[in-house]
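Below is one structure, written out as structure tokens; the observations come after it.
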């Protein structure tokens, strides 16, 4: 994507032109978009953006015009190569990209490293300072380097040794802090060299195309996540970390073709990433899938699934899948940890599990610059356009609260020359995958999405998130805000989050103001009235947090550790240094 060196950089105090500021504050009327008379003609492009070519959504509903993400190429072996396979330069280029184009993860860990990490329970884990200190297999360590992971994040520093030592793990960390790699790297590392012993017999996927009879999948690892986009994103990460190993990843999600997904499973499946509904479907087809060989079960974004009434499905997944009791290690990872997730952990995790919190549950971090603008609802479209053209062009995600607004913004921005596409639940799975692919490649570097897709957008080079609509208290509240802005500033990189505030957002004003204070952001004048005073300004409280929730309920104190605020937890910063007692929650 081209950039204009004369535009202000992200995070500049002078974030827009004088005309734009006037439009936001003086109540000027919104110009009407010109009708699109030539739908196939590229639109004029604001300085610095790629050409806004028409995005043909209807084509993706036709057969033959789409390659499913579940069929993405994975490393295949011939069965005779031993514990690891030879290098495959063409696939390596596809998985990791050319060396000069790889995004460096951890450009600025100065803020993340300052965030305290609290570990609870009777077991204390010594963190690793470098990936080289984690005892990784040479091939796994090489895959980490190919991903351009330079320094482990705080959650990775603790999860790597904890999982390698064989503990069940609860990891609570800000979105964008590297949770996926925190569990994939050590789990896959532990299985390397054991695939021949543990895995089920399977056909040679490198040589055989059609399997008769079909081979049943018997994965060693299952990762359950709430959205299709997140399942695909984790699958793409697993493809990288499985490179040259004897471990084969697969993904299963709703909306995709069942026959194609079953075909991939029948080639052999050691690591299965799945959304709950499709996973239950396959579990109920014993000729397709069994969990009897399962060794690791990971629940990613557990709070989202519990809030979405997946409790019955969880019961089937966690205890009804033929897995041998006592042989499975359980992992729960999320950015927030409400009571439902705690109950799930108590029921299924070992008593000797370890719990890690990186910062306050549900908080953001200071690598994301947050700016809030007061905008009247009828001026939002013009304000958004002015915001986009006044800043340096970067890959941008715009969040809205409903599907109609997503479609309207898509048309409006395209007619103004912004190269954009949109994604929401009314789009077919083909259209959603195609939109994400165009966004990742930079062909359409502006993506408009509803909040339901927030947790599945993990594109490392997102530089800007815009909350065109702030989430309402009844639909996610400040936790939803945290997940949305966490699409930028991921794993050590910097980003900017802009949000449009109007009078109808008053219910979220107080907790939004405290969030800005917590992460040392500027509080705009129109939110000054919501700033806490006195002791409340020093010890900021967030009513939705699970820790305060339990304080009010009396806590769930256990010997050697507790769930609520108070004793039992050791607080450390990102380098493993013990923090003061009063800093522990």
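The values are calculated or read from the model by the stated rules, or taken from the named source; none is laboratory data. The model shown is predicted, which means the values in this text are computed figures rather than measured ones. All Cβ positions, glycine included, derive from the backbone under ideal geometry; neighbour counts span all protein chains shown.
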inquiry  = Based on this model, can you work out whether residue 154 counts as at pLDDT below 90 and buried (at least 21 other Cβ atoms within 10 Å of the Cβ)?
reply    = yes
note = Exactly one of 513, 482 is over 24 Å from residue 301 (Cα atoms) and buried (at least 20 other Cβ atoms within 10 Å of the Cβ), and that one is 513
request  = Give 380, 346 a once-over and let me know the one that is surrounded by fewer than 19 Cβ atoms within 10 Å (Cβ to Cβ) and either modelled with pLDDT under 95 or closer than 30 Å to residue 517 by Cβ (or both).
outcome  = 346
task = Inspect the range 423-443 for any residue being within 18 Å of the chain's Cα centre (by Cα) and part of a strand (DSSP E or B) and give the result as yes or no.
result = yes
request  = Quick one: count up the residues across the range 187-245 that are modelled with pLDDT of 85 or more, touching a helix residue (DSSP H, G or I) at 6+ places or on another chain (Cβ under 9 Å) and over 24 Å from residue 334 (Cα atoms).
outcome  = 6
ask   = For the range 445-453, does any single residue satisfy the condition of being more than 21 Å from residue 368 (Cα to Cα), in contact (Cβ under 8 Å) with a residue 12 or more places away in the chain and part of a loop (DSSP other than H, G, I, E, B)?
value = no
ask   = Just a yes or no: is a residue in the range 230-251 under 18 Å from residue 428 (Cβ atoms) and surrounded by fewer than 23 Cβ atoms within 10 Å (Cβ to Cβ)?
value = no
